[in-house]
Amino acid sequence: MQISIIGSGYVGTTIAACLADVGHDVINVEIDEDIVESINAGTAPIHEPGLQERIAEHAGSRLRATTDYDAVRETDVTFLCLPTPQADDGSLDLAVMEAGAESLGEALAEKSDDHLVVVKSTVLPGTTEEVVAPTVVDAADSGADERISFAMNPEFLRMSTAVTDFLEPDKVVFGTANDAATATLREVYAPILEREETDLVETDIREAELIKYANNAFLASKISLVNELGNVAKEYGADAYEVLEAVGLDDRISKRFMRSGLGWGGSCFPKDVNALRAGAREQGYEPELLDAVVAVNDRQPRRLVDALAEHVPLEGARIAVLGLSFKPNTDDIRKSRSLDVIDHLRAAGAAVVAYDPVAMDNVRERYPDLEYADTAESALEGADGAVLATDWDGFDDLSFDGMARRVVVDGRRIDIDADELEVYDGLTW
Ligand SMILES: NC(=O)C1=CN([C@@H]2O[C@H](COP(=O)(O)OP(=O)(O)OC[C@H]3O[C@@H](n4cnc5c(N)ncnc54)[C@H](O)[C@@H]3O)[C@@H](O)[C@H]2O)C=CC1
Ligand SMILES: O=C(O)[C@H]1O[C@H](OP(=O)(O)OP(=O)(O)OC[C@H]2O[C@@H](n3ccc(=O)[nH]c3=O)[C@H](O)[C@@H]2O)[C@H](O)[C@@H](O)[C@@H]1O
């Protein structure tokens, strides 16, 4: 099939490369010229395992990128993978979606064949039908509503495992308003749906939109509950990891997403839980549990810095922060808990030296005056204390010999050799 993808960020680039990999012809439409150049040169614009080799293999043949929206006319279906950030008040900001939908409509004005527009971005119920569809149709010529149909197909991939998550998902959700749209989506996903392990959910557009928020709200709530239990466990002097491992043996609960510590960050859980809270309030419902889920999460970085301050006076201390991305195997630092830790440490008068295997360039833009180390060990050299903030592979094998004071507070339960340490403290255990 001929597929166009608007927005070539983490989702758009990943799904473009994967759809090309399963045999479709894919074109990325993206406003950032550097990203376009990078894809066309066969280079992944983001760090995501499995992406580079797929882009290198398909760029210039089944995968192309352009800044020109007119390219959508060569395709049968367009996926909108544009950002849906949170506004200052926490609500969903649709400005970029509307701009993209307008450009798409203008380009489709000159296409006479049928076209399917699929919203892949995370949007609240009603957005596809009440915002995206009218914007596209208004920007196209008269009669466009006959030719252009709309669907919603939420994405559940995780960063750092985006490629395998997309190609081997637990479920695929089609929110459609007619059988033709469902048939087109089935064709796009045919190679992925062949897997026995993948469930297909066919539903209406509004339900598809809400399934995505419910999914993220559930996962974020699970981690906040695990953190609340971890905080209580620590007060009792009990090991939360042992407790929750046993709890996870119950099939109804499951072992996954049971790691307590610094909490959830990233580009999606924070904004999506906030958008759902704001949306619920707008609908007249007080989402008290979701409010608490955010409050528990927001407390964890402060708790970690307080735990460190119990062992090291922070004023004037040199503190190593190891791990800056919001989770391992990604360079994404959006809403990373590590950055909150850095803010609290600096507010307490500590000098921070930071290290991350891949995310330091991104952090440098936000903290140009921070000291950065080339390796974890050089960050630890002469430090009065260290924080383990992201559970990168290799952090379990660190040598703490060079530290001035071997005090380590672990926000992620990394399996380090703590025998030689003066103090080893865990955030929730
Ligand atoms: N990042 C993730 O792991 C996941 C994200 N999502 C959702 O997918 C959507 C996209 O997220 P990301 O890929 O992370 O965003 P992103 O911020 O990484 O990428 C968005 C891209 O759109 C481009 N763009 C902005 N305006 C444009 C326009 N008018 N025309 C063409 N391109 C334009 C930007 O330059 C950027 O490259 C969001 O709604 C997000 O909630 C859903 C599942 C997973
Ligand atoms: O909507 C999205 O963008 C995506 O958000 C999350 O994916 P992602 O944010 O990439 O990463 P996760 O693996 O879910 O981790 C999120 C945060 O939770 C934290 N986490 C995760 C698991 C856990 O047990 N404990 C824990 O603190 C991680 O450290 C990280 O900061 C969801 O897992 C995806 O299904 C969803 O598509």
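A few points about this structure:
- Any helices (runs of 4 or more DSSP H) falling wholly within region 313-406 and containing at least 2 residues that are buried (at least 22 other Cβ atoms within 10 Å of the Cβ): 337-347, 376-380
- Within region 102-118, the set of residues being within 9 Å of ligand 1 (Cβ to nearest atom) and touching a strand residue (DSSP E or B) at 6+ places or on another chain (Cβ under 9 Å) comprises Ser103, Leu104.
- Screening the candidates Asn227, Asn216 for the property of being within 16 Å of ligand 1 (Cβ to nearest atom) and crowded, with 16+ Cβ neighbours inside 10 Å yields one hit, Asn216.
- Condition met for Met159 (free of Cβ contacts under 8 Å to residues at least 60 places away in the same chain, of a type outside the set (Lys, Arg) and closer than 18 Å to Asp272 by Cβ): no
- Residue within region 51-60 that is surrounded by fewer than 21 Cβ atoms within 10 Å (Cβ to Cβ), within 30 Å of Asn178 (Cα to Cα) and under 24 Å from the mean Cα position of the chain (by Cα) present: no
- The condition of being among the aliphatic types (A, V, I, L, M), at pLDDT 95 or above and not in a helix (DSSP H, G or I) holds for only one of Val226, Val173, Val188, Val232, that being Val173.
- The set of residues in region 71-96 that are farther than 21 Å from Thr184 by Cβ and either among the basic types (Lys, Arg) or within 15 Å of ligand 1 (Cβ to nearest atom) (or both) comprises Pro83, Thr84, Pro85, Gln86, Ala87, Gly90, Ser91, Leu92, Asp93, Leu94, Ala95, Val96.
- Restricting attention to region 244-302 and to residues that are of a type in the set (Lys, Arg) and within 20 Å of Val387 (Cβ to Cβ), the residue that is farthest from the chain's Cα centre (by Cα) turns out to be Arg302.
- Odd one out for Asp298, checked against (1) of a type outside the set (Gly, Ala, Ser); (2) under 30 Å from Pro125 (Cα atoms); (3) buried (at least 20 other Cβ atoms within 10 Å of the Cβ): (3)
The values are calculated or read from the model by the stated rules, or taken from the named source; none is laboratory data. Every value quoted in this text rests on a predicted model; they were computed, and no experiment measured them. Here Cβ is always computed from backbone atoms with ideal geometry, including for glycine, and neighbour counts include all displayed protein chains.
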